[in-house]
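Peer 1: This is the structure I want to talk about, given as structure tokens.
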Ligand SMILES: [Mg+2]
């Protein structure tokens, strides 16, 4: 049995209701690195064509079949163009997470800023945990600062995984 799937299965056996939050850039989507300052001028039409990370997407599909887990997309977007492109990308590449479980935070709309970018995912997870009574919330992400902050904010109510754990 796959290591990551086994891990998540174990959490689902030990808890009644589990939610897993999945980052996009660098987690389920290829993440190209651009020179600083060039991103806002060159983003239009770029994201939509980025390649899906099939290995992770397939494992998450297996996980989505566990009956007491709900999968959410939880991602940050620098501007509204990228938000729309991410929606298009999700429609094309992920059929097992429905649009009502896509959380795409828009920096341009003030949904996060440079000061709270490491915290905003933890806050969202906390909000959804309380709203839908999840016992445990999981974050799968490629950003160390976000992972560490989330664990610090949510403590034993959470489990965070760097993308590397889902690859082994
Ligand atoms: Mg990322």
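The values are calculated or read from the model by the stated rules, or taken from the named source; none is laboratory data. If you're wondering where the values come from, they're calculated on a predicted model, not measured in any experiment. Neighbour counts are summed over all protein chains in view; Cβ atoms, including those assigned to glycine, are modelled from backbone coordinates with ideal geometry.
Peer 1: Does residue 167 meet the test of being farther than 15 Å from residue 27 by Cα and surrounded by 12 or more Cβ atoms within 10 Å (Cβ to Cβ)? I'd like the intermediate steps shown before the answer.
Peer 2: Details: farther than 15 Å from residue 27 by Cα: no; surrounded by 12 or more Cβ atoms within 10 Å (Cβ to Cβ): yes.
Criteria not met by residue 167.
Peer 1: Another question about this same structure. So, in the stretch 131-146, of the ones that are within 16 Å of the ligand (Cβ to nearest atom) and in a loop (DSSP other than H, G, I, E, B), which residue ends up surrounded by the fewest Cβ atoms within 10 Å (Cβ to Cβ)? Give the derivation first.
Peer 2: Here is the first cut: in the stretch 131-146, the residues within 16 Å of the ligand (Cβ to nearest atom) are 138-146.
Cutting the leftovers down to in a loop (DSSP other than H, G, I, E, B) gives us 142-143.
Working: 142: 17, 143: 20.
The selected residue is 142.
Peer 1: A further question on this structure: Would you tally the residues in the stretch 147-168 being free of Cβ contacts under 8 Å to residues at least 40 places away in the same chain and either away from the ligand (no atom under 11 Å from the Cβ) or part of a helix (DSSP H, G or I) (or both)?
Peer 2: Applying the first criterion (free of Cβ contacts under 8 Å to residues at least 40 places away in the same chain) to the stretch 147-168 yields 147-158, 160, 162, 164.
Now narrow it down to the ones that are either away from the ligand (no atom under 11 Å from the Cβ) or part of a helix (DSSP H, G or I) (or both): 147-158, 160, 164.
Within the stretch 147-168, residues that are free of Cβ contacts under 8 Å to residues at least 40 places away in the same chain and either away from the ligand (no atom under 11 Å from the Cβ) or part of a helix (DSSP H, G or I) (or both) number 14.
Peer 1: Related question: Inspect all residues belonging to the stretch 45-52 and state whether any of them is more than 16 Å from the ligand (Cβ to nearest atom), more than 25 Å from residue 154 (Cβ to Cβ) and either touching a helix residue (DSSP H, G or I) at 6+ places or on another chain (Cβ under 7 Å) or modelled with pLDDT of 95 or more (or both).
Peer 2: We begin by selecting, within the stretch 45-52, every residue more than 16 Å from the ligand (Cβ to nearest atom); these are 45, 48-49.
Now drop any that are not more than 25 Å from residue 154 (Cβ to Cβ), which leaves 45, 48-49.
With the extra rule that they be either touching a helix residue (DSSP H, G or I) at 6+ places or on another chain (Cβ under 7 Å) or modelled with pLDDT of 95 or more (or both), the set shrinks to 48.
Yes; the residues of the stretch 45-52 include at least one that is more than 16 Å from the ligand (Cβ to nearest atom), more than 25 Å from residue 154 (Cβ to Cβ) and either touching a helix residue (DSSP H, G or I) at 6+ places or on another chain (Cβ under 7 Å) or modelled with pLDDT of 95 or more (or both).
Peer 1: In the stretch 1-31, which residues are within 16 Å of the ligand (Cβ to nearest atom), closer than 17 Å to residue 64 by Cβ and either assigned to a loop (DSSP other than H, G, I, E, B) or at pLDDT below 80 (or both)?
Peer 2: Of the residues in the stretch 1-31, the ones within 16 Å of the ligand (Cβ to nearest atom) are 20-31.
If we keep only those that are closer than 17 Å to residue 64 by Cβ too, we end up with 20-24, 27-28.
Passing the criteria: 23, 24, 27, 28.
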